Structures are given as C-alpha cells and as structure tokens.
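Taking it in order: structure first as structure tokens, then the write-up.
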Amino acid sequence: GESVGLHLPTLSVQEGDNSIINCAYSNSASDYFIWYKQESGKGPQFIIDIRSNMDKRQGQRVTVLLNKTVKHLSLQIAATQPGDSAVYFCAENIPGNQFYFGTGTSLTVIP
Amino acid sequence: GAVVSQHPSWVICKSGTSVKIECRSLDFQATTMFWYRQFPKQSLMLMATSNEGSKATYEQGVEKDKFLINHASLTLSTLTVTSAHPEDSSFYICSARDPGPRRAYEQYFGPGTRLTVT
C-alpha cells in the first residue's frame with residue numbers, strides 16, 4: 001500500500017497555542033486529501049478535506065495547506081484545546097477510489 | 001452526517017476459531033466499503049475494497065482466504081477472520097463511501113472492532 005506508517009510521531013502544545021501537523025504523501029496522482037482525527041479506541045473522524053486543485057482550505061479553527069510540488073500537506077489548528085488531543089492522520093485518494101493513510105501524529109495538548 | 005456502525009465493538013476469541021465483523025451504513029447505501037486494520041500506535045492499513053455484488057479487491061500481502069469479505073447488500077459488508085491466530089489481534093475499521101453526486105469522495109468510518117485472539 002501507499003504511505004504506510006510504522007511509528008507515530010508526537011507533538012505537544014500548550015493550550016491556546018496553534019498546532020501544525022505535517023504529512024508527506026507519496027503519490028503525485030492523488031487528487032483528494034482528508035485529515036482525520038482519531039481518539040483512543042475509536043474510528044477516524046473527518047476534520048477537513050481539500051482537492052488537488054486547491055492550495056488552502058479553511059474550516060472552523062482548522063486550516064489545511066497543500067503543496068503539490070513537494071507532496072506535502074499540513075493541518076493547522078488554531079487556539080488548540082484539550083479536546084483536540086488525539087491522533088491525526090492525513091489520507092490521500094488515489095484515482096481508482098482508494099484511500100491510503102499517512103503515518104499519523106499524536107497531538108497532546110497541555111492544559 | 002452519514003453513520004456507519006460496526007458489530008461487535010470488541011471480541012475475544014480462541015486461536016483457530018473464526019470471527020465475523022459486520023459493517024453497516026445506517027442512513028445511506030454504500031456500493032463500496034473498505035476494511036482497514038490498525039495496530040497500536042500505527043496508521044490504518046487498507047486491507048481490501050469491498051464492492052456490492054462482486055468480489056472484494058485485496059491489497060498486496062493480505063490473504064483473501066484468511067480475511068473473507070462479503071458485501072451482500074448496499075448497507076452491509078462483513079469481514080470474517082478465519083482460523084484466527086494471536087497475530088491477527090488488531091483494531092479493524094470499516095468505512096463506507098457515500099456515492100451521492102456531491103459526496104463521491106467522502107468516506108465515513110465505523111467505530112472499529114477490537115479483536116483479541118488468545
């Protein structure tokens with residue numbers, strides 16, 4: 001499969017600070033990307049998506065940036081809250097309707 | 001939003017037995033469902049793509065005879081882990097794609113099933 005992760009990077013931020021989570025994807029043909037949040041013992045939850053014809057998309061407190069030149073995706077969370085503590089995955093859609101998940105980043109918010 | 005359920009949420013079985021996990025789309029019809037497995041502190045790994053009314057497409061390295069997938073209706077896909085071994089212990093997650101015209105790319109995930117093989 002694509003972008004198979006092995007070990008989970010971690011990120012710790014102070015409550016109220018902004019968080020930036022990065023993701024490198026592998027397939028230049030990927031045309032759609034999604035960020036998911038996964039809390040312990042639960043399935044992934046959709047956060048925000050972006051199509052490959054866009055560079056930036058904003059949601060509520062979250063922004064996704066896409067750099068196709070270097071195949072890089074980032075998720076910015078503004079004013080991070082304790083409830084944001086979770087593992088965050090990016091997923092790329094490869095034409096042919098398959099999704100592959102990135103390594104994931106474990107975010108810990110320090111009160 | 002669309003809801004996907006999984007049953008059971010947690011199962012313990014003995015080595016050598018088979019376990020069936022169900023994935024249901026509750027408020028939409030899903031022609032395509034996906035099965036993932038996830039080990040602790042690792043990412044989701046796509047196991048197979050399940051298409052209603054046809055055979056599943058397995059990812060490289062996934063044994064189709066061990067992980068039997070049936071997608072008999074537009075709202076139900078099942079994953080059967082046959083002759084389970086302790087190394088099959090994992091978190092299994094399904095997702096379903098809503099084929100609606102504005103949701104062609106969206107996947108909705110189930111809550112996952114924790115399988116422990118003793």
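The values are calculated or read from the model by the stated rules, or taken from the named source; none is laboratory data. Quantities reported herein were computed from a predicted structural model and do not represent experimental measurements. Virtual Cβ from ideal backbone geometry, glycine too; neighbours counted across all protein chains shown.
A compact table of results
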read-out: Among the candidates A:Ile50, A:Ile34, A:Ile94, residue that is β-branched (Val, Ile, Thr) and more than 20 Å from B:Met45 (Cα to Cα); value: A:Ile50
read-out: Residue within the range A:19-35 that is facing chain B (nearest Cβ under 10 Å), aliphatic (A, V, I, L, M) and outside any loop (DSSP other than H, G, I, E, B) present; value: yes
read-out: Lone unmet requirement of (1) modelled with pLDDT of 90 or more; (2) crowded, with 19+ Cβ neighbours inside 10 Å for B:Thr82; value: (2)
read-out: Hits in the range A:67-111 - residues which are among the polar types (S, T, N, Q) and at the interface with chain B (Cβ under 8 Å from one of its Cβ atoms); value: A:Asn93, A:Asn97, A:Gln98, A:Thr103, A:Ser106
read-out: Condition broken by B:Pro40, with the remaining ones in (1) buried (at least 19 other Cβ atoms within 10 Å of the Cβ); (2) more than 17 Å from B:His7 (Cα to Cα) satisfied; value: (1)
read-out: Residues that are within 13 Å of another protein chain (Cβ to nearest Cβ) and either surrounded by 17 or more Cβ atoms within 10 Å (Cβ to Cβ) or touching a Pro at 6+ places or on another chain (Cβ under 8 Å) (or both), drawn from the range B:9-23; value: B:Ser9, B:Ile21, B:Cys23
read-out: Candidate set from the range A:11-49 (those that are under 16 Å from A:Leu107 (Cα atoms) and among the aliphatic types (A, V, I, L, M)); member that is nearest to the chain's Cα centre (by Cα); value: A:Ile21
read-out: Criterion violated by B:Gln29 - all others in (1) out of contact with any Leu (no Cβ under 6 Å at 6 or more places or on another chain); (2) farther than 21 Å from A:Pro44 by Cβ; (3) at pLDDT below 90 satisfied; value: (1)
